Amino acid sequence: MVELKTPGEIEAMAAAGGVVARALAEVRGHAAVGDRLRDLDLVAREVLRGARASSPFLGYQPSSAPAPYPGVVCLSVNDAVLHGIPTGYRLREGDLLSVDCGATLDGWTADAAISFCVGSTSDDDARLLERTEHALHAAIATARDGARIGDISSAIGAIARDAGYGLHTDFGGHGVGRTMHENPHVPNDGRSGRGMRLRDGMTIAIEPWFMAGGRDAYRIDDDGWTLRSDDGSRGAHFEHTIAITDDQPRVLTRLA
Ligand code: MF3
Ligand code: CO
């Protein structure tokens, strides 16, 4: 079942989304060579605490995970793309960092992610970052009342393939609202014109993640969380929570 949200509920989600956007901006602003990942988790915790928001990530444990998630952000470096744990690892010059954050405020949740390089950005990384973020925005542009989930999926898949990047339909986008993961699933590849019809009041997270090596395979570390490209190539991940409206899609995880 997919719950349609009222305008008031969407405003509440936008408030949660504003907290997510601030946390991501603060983490990005702090991230520097030599910083430990767990210090960046503390930066995000402070933003959530200051907003009286809780974290839908902290303690989250899907049946596939061996242990509850230990942070409020996922911090994935280089060949890690998703669900990297905030460890004592210290950032190095040129590391590609993906930061994923959620916040729950007054019972409503929003979820977003950004990727960027620490210090200098190689040309290859710049292209990977640009193409992945472009896929997010192209996908958002398709998300209109009456369109279908497959329109979002195919927009993402086409950009990855054109660029020669690997992608996988596991861990795609998802409905979001009262909880972090709701129906529908929004795969990162698929056929336009297929799948569930989008309706005014649906709220979904769209989250392309691409792997530079061009292979689609990934593996999960022994920690049960960290997802890496199987070929060791770098990955990037961008995500927004959006609301489908009777007009343009509304991005709920933007800085106010
Ligand atoms: N944005 C991710 C997702 O939607 C992050 C959740 S993983 C968590 O799946 F464990 F950290 F919560
Ligand atoms: Co998400």
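A short reminder: the numbers here are calculations on the coordinates, not readings from a lab. Worth saying up front: this structure is predicted, and the values here are computed from it rather than measured. Counting neighbours? That spans all protein chains shown, and the Cβs are built from the backbone with ideal geometry, glycine included.
Values computed for the structure shown
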{"item": "Selection within region 143-157 - part of a loop (DSSP other than H, G, I, E, B) and among the small types (Gly, Ala, Ser)", "result": "Ala143, Gly146, Ala147"}
{"item": "Selected residue (criterion: surrounded by the fewest Cβ atoms within 10 Å (Cβ to Cβ)) from residues of region 89-138 that are charged (D, E, K, R) and within 16 Å of ligand 1 (Cβ to nearest atom)", "result": "Glu133"}
{"item": "Hey, Ala143 more than 13 Å from ligand 2 (Cβ to nearest atom), more than 15 Å from the chain's Cα centre (by Cα) and within 25 Å of Gly102 (Cα to Cα) or not", "result": "yes"}
{"item": "The lone exception for Ala113 - which of (1) away from ligand 2 (no atom under 15 Å from the Cβ); (2) under 29 Å from Gly59 (Cα atoms); (3) among the hydrophobic types (A, V, I, L, M, F, W, C) it fails", "result": "(1)"}
{"item": "Set Val81, Val118, Val73, Val99: member being over 18 Å from the mean Cα position of the chain (by Cα) and of a type in the set (Val, Ile, Thr)", "result": "Val118"}
{"item": "Tabulated pairs, region 188-209, first free of Cβ contacts under 8 Å to residues at least 60 places away in the same chain, second part of a loop (DSSP other than H, G, I, E, B) and away from ligand 1 (no atom under 16 Å from the Cβ), C-beta under 8 angstrom, 6+ apart or interchain", "result": "Arg197/Gly146; Arg197/Ala147; Leu198/Ala143; Leu198/Arg144; Leu198/Asp145; Leu198/Gly146; Leu198/Ala147; Leu198/Ile244"}
{"item": "Residues located in region 165-176, provided they are within 13 Å of ligand 1 (Cβ to nearest atom) and in a loop (DSSP other than H, G, I, E, B)", "result": "Asp170, Phe171, Gly172, Val176"}
{"item": "Test: residue in region 48-57 that is under 18 Å from Ile204 (Cβ atoms) and among the charged types (D, E, K, R)", "result": "no"}
{"item": "Region 194-224, subset assigned to a loop (DSSP other than H, G, I, E, B) and under 15 Å from the mean Cα position of the chain (by Cα), residue surrounded by the most Cβ atoms within 10 Å (Cβ to Cβ)", "result": "Pro208"}
{"item": "Qualifying residues in region 62-94 (those that are free of Cβ contacts under 8 Å to residues at least 40 places away in the same chain and more than 16 Å from ligand 2 (Cβ to nearest atom)) - the one nearest to Arg234 (Cα to Cα)", "result": "Gly94"}
{"item": "Subset of region 237-253 (residues that are in a strand (DSSP E or B) and more than 14 Å from ligand 1 (Cβ to nearest atom))", "result": "Ala243, Arg250, Val251"}
{"item": "Conditions (1) out of contact with any Phe, Trp or Tyr (no Cβ under 8 Å at 6 or more places or on another chain); (2) outside any loop (DSSP other than H, G, I, E, B); number of the one not met by Ala160", "result": "(1)"}
